[in-house]
2 protein chains.
Amino acid sequence: MPPTTLPAWQALLAHQREVAPLHLRDLFARDPQRFDRFSLEAAGLFLDYSKNLITAQTLPLLCRLAQEAGVTRKRDAMLAGERINFTENRAVLHTALRNRSARPVPVDGQDVMPEVRRVLAQMREFAEGVRSGALRGHTGKPYTDVVNIGIGGSDLGPQMVCEALEPYGDRLRAHFVSNVDGAHLARTLKRLDPQTVLFIVASKTFTTQETLANARSARAWLQERLGAESAVGRHFAAVSTNLQATAAFGIPPERVFAFWDWVGGRYSLWSAIGLPIALYIGMDRFEALLAGAHAMDEHFATAPPERNLPVILGLLGVWYIDFWGAGSHAVLPYDQGLLRFAPYLQQLDMESNGKRIDSAGSEAAQHTGPVVWGEPGTNGQHAFFQHLHQGTRWTPADFIVPARSHYPLGEHHAMLLANCLAQTQALMLGKTREQVRAELAAQGLDGDALARLAPHKEFPGNRPSNTIVLPQLTPAALGSLIALYEHKVFVQGAIWDVNSFDQWGVELGKQLAGRILDDLRAGTVSPAHDASTAGLLHALTRAGSAPGST
Amino acid sequence: MPPTTLPAWQALLAHQREVAPLHLRDLFARDPQRFDRFSLEAAGLFLDYSKNLITAQTLPLLCRLAQEAGVTRKRDAMLAGERINFTENRAVLHTALRNRSARPVPVDGQDVMPEVRRVLAQMREFAEGVRSGALRGHTGKPYTDVVNIGIGGSDLGPQMVCEALEPYGDRLRAHFVSNVDGAHLARTLKRLDPQTVLFIVASKTFTTQETLANARSARAWLQERLGAESAVGRHFAAVSTNLQATAAFGIPPERVFAFWDWVGGRYSLWSAIGLPIALYIGMDRFEALLAGAHAMDEHFATAPPERNLPVILGLLGVWYIDFWGAGSHAVLPYDQGLLRFAPYLQQLDMESNGKRIDSAGSEAAQHTGPVVWGEPGTNGQHAFFQHLHQGTRWTPADFIVPARSHYPLGEHHAMLLANCLAQTQALMLGKTREQVRAELAAQGLDGDALARLAPHKEFPGNRPSNTIVLPQLTPAALGSLIALYEHKVFVQGAIWDVNSFDQWGVELGKQLAGRILDDLRAGTVSPAHDASTAGLLHALTRAGSAPGST
């Protein structure tokens, strides 16, 4: 059902016109209960959503939309293992990967949990072997460095988590090579000793172009340095379902870790794709990450919509995207460890809901997923926050902040917290022309000089944000945070009635790349190309890309 | 003059309605000269802008807009040292920093070039001393690591450039600490030897909150390990105009590097703010970076608008933002070394043109600067490209690609190039329903199954992009590329008639943070706060942030 045809959609259109003239300043002034009404704690996370363009009527209306769109029913279908990925006819069960309860999770009547637990046990054994030094490299030395070779979902999740949980990285260094650009692998290998490196090749099919190119080049580098063919099996592991290809590559079966067709790439860090995490922080902490996500799953599965964190965040997003015209969404973690959280969310959100076709095969009549972007605070304040405060378009933003630091250092953390709170306050309150004039007058300005400067120092305010407080960036809190966003994205896809679990949009480029690569190999320009592609091939050749050998 | 009142603006509104029904596929099919018409080489960069939603009429109309908005006159005013930063009454002369000609650059009748050259000479002497080992640390060891402590413009530029020019980083390791989050400094210091580290504190006023907090903590760390107070002078340098504060900090005057009020933070990497670059790659290569930028300056200053790279890119941006409703702009470098190019551009563009007030003090009647975002390809293809291809909103995108790699490795670079070209081709061409149906039929699908899947595999195409080809990511090419974007941003600001050189939008947050920090220090919650700020302060305390000591 197209959401625009639902009664709640029409009611929300009317409601938006009522809310549009109101200013958050006044909404706060009018309602002393606003913060209590619009804040919530669950699964270890605290959400303040009081600084949104909403009144007491908004959330009930949005929840009606969720209800009419069947969000609860769709959620239950996902959790029950139904094949909700309808274009690929697959179940969607990343929640089973972190199911810490004793409940079975059936797919076509078969409980998947024994298989999940088997792979977790295999991961534990391997991770402990590597971390303890019981497992060693070809020359008998313990491993010091893990290099994950994967791309997209086989890269962004583990990379983001390892970066975030660096305080727990107690044994090995972790590296991530994803880009087919040779610089990525070459710059990483420079710093490594072949005797002590462990490569993990992460590709479900073991055919991903970039990953296999990097894996083959890494293997060549290793063999050149260690000599023996047999060294490969001691320095490579794989996360893949293609046992034939991994064996042909030289990886012994006990170092191959499986996952399943009901785990989408961008939802896979909870599976064996998380092996670099387990190696980096240890299996117990990896399981704490799973437990944090499971706590959020339980909350999502059971809390009523109006007290359900992912539902609320999802609905607020729909509110801005479809009723206020927001095209992008900023994620601003006040934690340097979350440096790669926005790139991770870009995949999660934009690959899931960057869709224009609904379940009936019709073109969506409304906008779907936003552009997601962001950098850690306080850095962003000195970069793009100008735009957030005084640009012509406003951007809804999530501020994420841990109450406690892993690195308490003087007043640093208090400053971080103060800045985070101050930014959401500034976005909300703004600064009126009258306030600006008074400030400038107090500084001794008057007349023309004051009148000329004042408009530039005015802040419209009324710009919405959420604040998510974590006690500390622990494995459990991070697991909960990631699951929160996974389910938020689910809720939005359910409302828009798109398939959040396929990604056909990546296929055309792959097809076309094959033909262009043939040209580059042969040093030719196929007459079938459009003039731009042909012209660029000529320009690259003129600029020195060596045909046939680049 | 508000641009919306210009005759060309009205003509463009009408023209957009003519172009809107056309598809790029057809425009290419119709005009065999399209690529030659819409591509251009200057200052070492090749631009293909043929895959834009333009006809032969569009660029002349856009150039008329530029002319009516006085872009050329404003450009000349900037280059001549006029005080075009009208809210701060300052000249804007980052071009003087890289002026490799013998021409003087006057500010109020005084040539600034002797001062520029003096600081460059000081940088050279210092950089060569450090790099050769002639200058050494407190215990007599040569320096091995440079840590830049700065934020915003004192961080993003040098960091991006050092990351990009890593193949030239031949002597020292370079680190960048910006975030006030103690984790940023602590995680960096873990890897360093106090005897061989050189800190550069970069802050024009030497009062930037984050930078001074990090600098003081770094100094404490150093003194704790090296004992003597006098060690500070051997392990710290500063880029600042506040000689009193740098002296009080313990930095000798010969290690303090000046810059000037006509250098904005986000335009400062060409000044002494670039010192970490000079240390990392050597002063000759730093000067090659300047020379590349200078070549682009010369092109910008002299080429006619319709053959002027920054003018064309700027106008195309305005075309999408104001006539097609684009809210964001993607920057997609196919080069892993340009990992931090998008965050750098975020500041350059969003802090410059994230403005809503024009030169007359009126609110802009049209949209100004976009949200800028992006990650390197091919990584992005496995993450957010789904959204670019099949989302409901399209995003104009710049693809940036070097013809040659610094790390030639098997077929890696050919694959990188093929993917880059294929993505712009896919965005432009799309895939029609008929093509999809034929492909699915060839795969053996038919009837309902085919009909159900086909819409999901369709690509609308007609999504615009630019492709910028560099011969190789050399210092000169990078300098030229950065200057291209600087001037693009200038052109847009000139058309929108905003001040691209102030940043009042960052002030309110700073003010408010001071008050909240007082609360955090005292463990109190001021009754003056709004309910959300008060509630968050309570939530942080409950979650364990230790009042008065965090």
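The values are calculated or read from the model by the stated rules, or taken from the named source; none is laboratory data. Quick caveat: nothing in here was measured; it's all calculated off a predicted structure. For neighbour counting, all protein chains shown are included, and Cβ atoms are generated from backbone atoms with ideal geometry for every residue, glycine included.
Condition check ((1) in contact with a strand residue (DSSP E or B) (Cβ under 6 Å, 6 or more places away or on another chain); (2) at pLDDT 95 or above; (3) more than 7 Å from chain B (Cβ to nearest Cβ)) across all residues:
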| position | (1), (2), (3) |
| --- | --- |
| A:TRP324 | no, yes, yes |
| A:LEU332 | yes, yes, yes |
| A:PHE341 | yes, yes, yes |
| A:LEU345 | yes, yes, yes |
| A:ASP349 | yes, yes, yes |
| A:LYS355 | yes, yes, no |
| A:GLU363 | no, yes, yes |
| A:GLY369 | no, yes, no |
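If you take the residues in region B:501-518 that are in a helix (DSSP H, G or I) and buried (at least 23 other Cβ atoms within 10 Å of the Cβ), which one is farthest from the chain's Cα centre (by Cα)?
The qualifying residue farthest from the chain's Cα centre (by Cα) is B:ILE516.
Tally time: how many residues in region A:116-141 are surrounded by fewer than 17 Cβ atoms within 10 Å (Cβ to Cβ) and either within 14 Å of chain B (Cβ to nearest Cβ) or not aliphatic (A, V, I, L, M) (or both)? Explain how you work it out, then say what you get.
The first filter runs over region A:116-141 and keeps only residues surrounded by fewer than 17 Cβ atoms within 10 Å (Cβ to Cβ), leaving A:117-118, A:121, A:124-125, A:128-129, A:132-134, A:136, A:139-141.
Okay, now just the ones that are also either within 14 Å of chain B (Cβ to nearest Cβ) or not aliphatic (A, V, I, L, M) (or both), so A:117-118, A:124-125, A:128-129, A:132-133, A:136, A:139-141.
Here the count works out to 12.
Does B:LEU309 meet the test of being within 19 Å of A:ARG340 (Cα to Cα), more than 8 Å from every other protein chain (Cβ to nearest Cβ), surrounded by 24 or more Cβ atoms within 10 Å (Cβ to Cβ) and among the hydrophobic types (A, V, I, L, M, F, W, C)?
Numbers: within 19 Å of A:ARG340 (Cα to Cα): no; more than 8 Å from every other protein chain (Cβ to nearest Cβ): yes; surrounded by 24 or more Cβ atoms within 10 Å (Cβ to Cβ): yes; among the hydrophobic types (A, V, I, L, M, F, W, C): yes.
Answer is no for this residue.
Here is a check on your reading of the model: is B:SER230 more than 14 Å from chain A (Cβ to nearest Cβ) and modelled with pLDDT under 95?
Values: more than 14 Å from chain A (Cβ to nearest Cβ): yes; modelled with pLDDT under 95: yes.
Yes; evaluated as a whole, the condition is true for this residue.
Please determine whether any residue of region B:217-232 is surrounded by 24 or more Cβ atoms within 10 Å (Cβ to Cβ) and within 30 Å of B:GLU486 (Cβ to Cβ).
So far as region B:217-232 goes, no, none of its residues is surrounded by 24 or more Cβ atoms within 10 Å (Cβ to Cβ) and within 30 Å of B:GLU486 (Cβ to Cβ).
Looking at region B:447-473, which of its residues are facing chain A (nearest Cβ under 8 Å) and out of contact with any Leu (no Cβ under 8 Å at 6 or more places or on another chain)?
Selection gives B:ALA451, B:ARG452, B:PRO455, B:HIS456, B:GLU458, B:PRO460, B:PRO471, B:GLN472.
Name the residue that is surrounded by the fewest Cβ atoms within 10 Å (Cβ to Cβ), counting only residues in region A:483-500 that are under 18 Å from the mean Cα position of the chain (by Cα) and farther than 14 Å from A:VAL311 by Cα. Even if it seems obvious, please write down each step before you answer.
Of the residues in region A:483-500, the ones under 18 Å from the mean Cα position of the chain (by Cα) are A:483-493, A:499-500.
Pick out the ones that are also farther than 14 Å from A:VAL311 by Cα and you get A:499-500.
Details: A:ASN499: 22, A:SER500: 30.
Looking at the filtered set, the residue picked out is A:ASN499.
Can you tell me which of (1) touching a residue at least 12 places away in the same chain (Cβ under 8 Å); (2) touching a Gly at 6+ places or on another chain (Cβ under 7 Å); (3) buried (at least 24 other Cβ atoms within 10 Å of the Cβ); (4) of a type outside the set (Ser, Thr, Tyr) is the one B:HIS387 doesn't meet?
(1)
Scan region A:395-426 for residues that are among the hydrophobic types (A, V, I, L, M, F, W, C) and out of contact with any Phe, Trp or Tyr (no Cβ under 8 Å at 6 or more places or on another chain) and jot them down.
Matches in region A:395-426: A:ALA397, A:ALA403, A:LEU409, A:ALA414, A:MET415, A:ALA418, A:LEU421, A:ALA422.
Sort out which residues of region B:424-462 are over 19 Å from B:THR392 (Cβ atoms) and not aliphatic (A, V, I, L, M), and write them in order of number.
Those that are over 19 Å from B:THR392 (Cβ atoms) and not aliphatic (A, V, I, L, M): B:THR424, B:GLN425, B:GLU434, B:GLN435, B:ARG437, B:GLU439, B:GLN443, B:GLY444, B:ASP446, B:GLY447, B:ASP448, B:ARG452.
Checking the conditions here, which among A:GLY250, A:GLY265 is buried (at least 24 other Cβ atoms within 10 Å of the Cβ) and in contact with a helix residue (DSSP H, G or I) (Cβ under 6 Å, 6 or more places away or on another chain)?
Working: A:GLY250 fails: buried (at least 24 other Cβ atoms within 10 Å of the Cβ).
Just a single option satisfies the conditions, and that option is A:GLY265.
Every residue in region B:1-42 that is closer than 23 Å to B:ILE321 by Cα and polar (S, T, N, Q), please.
The answer is B:THR4, B:THR5, B:GLN10, B:GLN16, B:SER39.
For region B:125-182, name all the residues that are hydroxyl-bearing (Ser, Thr, Tyr) and without any contact (Cβ under 8 Å) to a residue 24 or more places away in the chain.
B:SER132
Can you name the residue in region A:430-445 that is in contact with a Gly (Cβ under 9 Å, 6 or more places away or on another chain) and more than 7 Å from chain B (Cβ to nearest Cβ) and is also nearest to A:PRO464 (Cα to Cα) among such residues?
A:GLY430
Please identify the pairs in which a residue from region A:396-421 that is without any contact (Cβ under 8 Å) to a residue 24 or more places away in the chain has its Cβ atom under 7 Å from the Cβ atom of a residue that is crowded, with 24+ Cβ neighbours inside 10 Å and among the acidic types (Asp, Glu), counting only partners at least 6 apart or on another chain.
As it stands, the answer is A:HIS412/B:ASP181, since those pairs meet every condition given.
Here are some conditions: (1) in contact (Cβ under 8 Å) with a residue 12 or more places away in the chain; (2) farther than 20 Å from B:GLN67 by Cα; (3) at the interface with another protein chain (Cβ under 8 Å from one of its Cβ atoms). B:GLY514 meets all but one. Which one does it not meet?
(1)
Just one of B:GLY410, B:GLY380, B:GLY374 is on the phi > 0 side of the Ramachandran plot and more than 7 Å from chain A (Cβ to nearest Cβ); which is it?
Of the residues listed, the single one that is on the phi > 0 side of the Ramachandran plot and more than 7 Å from chain A (Cβ to nearest Cβ) is B:GLY374.
So which residues in region A:130-166 are closer than 27 Å to A:GLY265 by Cβ and out of contact with any strand residue (DSSP E or B) (no Cβ under 7 Å at 6 or more places or on another chain), if there are any at all?
A:ARG131, A:ILE151, A:GLY152, A:GLY153, A:LEU156, A:GLY157, A:MET160, A:VAL161, A:GLU163, A:ALA164, A:LEU165, A:GLU166
Do the conditions hold for A:VAL256, that is, is it over 25 Å from the mean Cα position of the chain (by Cα) and surrounded by 22 or more Cβ atoms within 10 Å (Cβ to Cβ)? So that I can check it myself, show each step before the final result.
Details: over 25 Å from the mean Cα position of the chain (by Cα): yes; surrounded by 22 or more Cβ atoms within 10 Å (Cβ to Cβ): yes.
For A:VAL256, the condition - over 25 Å from the mean Cα position of the chain (by Cα) and surrounded by 22 or more Cβ atoms within 10 Å (Cβ to Cβ) - is met.
Looking at region B:383-407, which of its residues are more than 7 Å from every other protein chain (Cβ to nearest Cβ), out of contact with any Lys or Arg (no Cβ under 6 Å at 6 or more places or on another chain) and aromatic (Phe, Trp, Tyr)? Spell out the reasoning first.
Restricting attention to region B:383-407, the residues satisfying the condition of being more than 7 Å from every other protein chain (Cβ to nearest Cβ) are B:388, B:394, B:396-402.
Those still in the list that are out of contact with any Lys or Arg (no Cβ under 6 Å at 6 or more places or on another chain) too: B:388, B:396-402.
B:PHE399 - this is the single residue of region B:383-407 that is more than 7 Å from every other protein chain (Cβ to nearest Cβ), out of contact with any Lys or Arg (no Cβ under 6 Å at 6 or more places or on another chain) and aromatic (Phe, Trp, Tyr).
So, restricting to helices (runs of 4 or more DSSP H) that lie completely within region A:396-473, which ones have at least 3 residues that are out of contact with any helix residue (DSSP H, G or I) (no Cβ under 8 Å at 6 or more places or on another chain) and farther than 25 Å from A:GLY44 by Cβ?
Numbers: elements: A:412-429, A:433-442, A:447-453.
Result: A:433-442, A:447-453.
Restricting attention to region A:45-68, which residues are facing chain B (nearest Cβ under 9 Å) and either polar (S, T, N, Q) or more than 20 Å from A:PRO396 (Cα to Cα) (or both)?
Step one: of region A:45-68, the residues facing chain B (nearest Cβ under 9 Å) are A:46, A:48, A:50-51.
If the condition is that a residue be facing chain B (nearest Cβ under 9 Å) and either polar (S, T, N, Q) or more than 20 Å from A:PRO396 (Cα to Cα) (or both), then A:SER50 is the only one that fits.
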